[in-house]
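Q: My questions will all concern the structure given below.
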Amino acid sequence: MDGERARDLLAAERARIEHQLEQRRHQDSGEDNAFDLGNVATNTFQDELDEGLRDDLVEDLRAVERAEARLAAGTYGLSIVSGKPIPDERLEIVPAAERLVEEET
């Protein structure tokens, strides 16, 4: 894959992830729902769901950072397992891909 295309894909992926992380930040409505157990339960569930999604997004961001490091090192697009080239079609869909599809666990 062309280095410029790879940089563009990784930049777009980084922007997407950072935007989603920003959207997942806890936003307090300012309402006092301390006595409404339904709201407390709903808010607790949503907070836990958002925390799990944030964790996934942080890991996705780390994968982008690793891909950016591989790009700088000249090894972007090569499997970290076998060293074989990752197809451009896969990198277009998953710019931070580290492995061939058959190497995924």
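The values are calculated or read from the model by the stated rules, or taken from the named source; none is laboratory data. This is a predicted model, so every value here is computed, not measured. Reconstructed Cβ throughout: ideal geometry from the backbone, glycine too, with neighbour counts over all protein chains shown.
Q: Considering each residue of region 51-67, count those that are under 18 Å from Arg7 (Cβ atoms) and either in contact (Cβ under 8 Å) with a residue 40 or more places away in the chain or more than 8 Å from the chain's Cα centre (by Cα) (or both), and give that number.
A: Qualifying residue count, region 51-67: 6.
Q: Name, by its number, the condition in (1) surrounded by fewer than 15 Cβ atoms within 10 Å (Cβ to Cβ); (2) part of a helix (DSSP H, G or I); (3) at pLDDT below 95 that does not hold for Gln27.
A: (2) is the only condition that Gln27 fails.
Q: Among the numbered criteria (1) closer than 29 Å to Ala6 by Cβ; (2) modelled with pLDDT under 80; (3) touching a helix residue (DSSP H, G or I) at 6+ places or on another chain (Cβ under 9 Å), which one does Thr105 miss?
A: The one condition Thr105 does not meet is (3).
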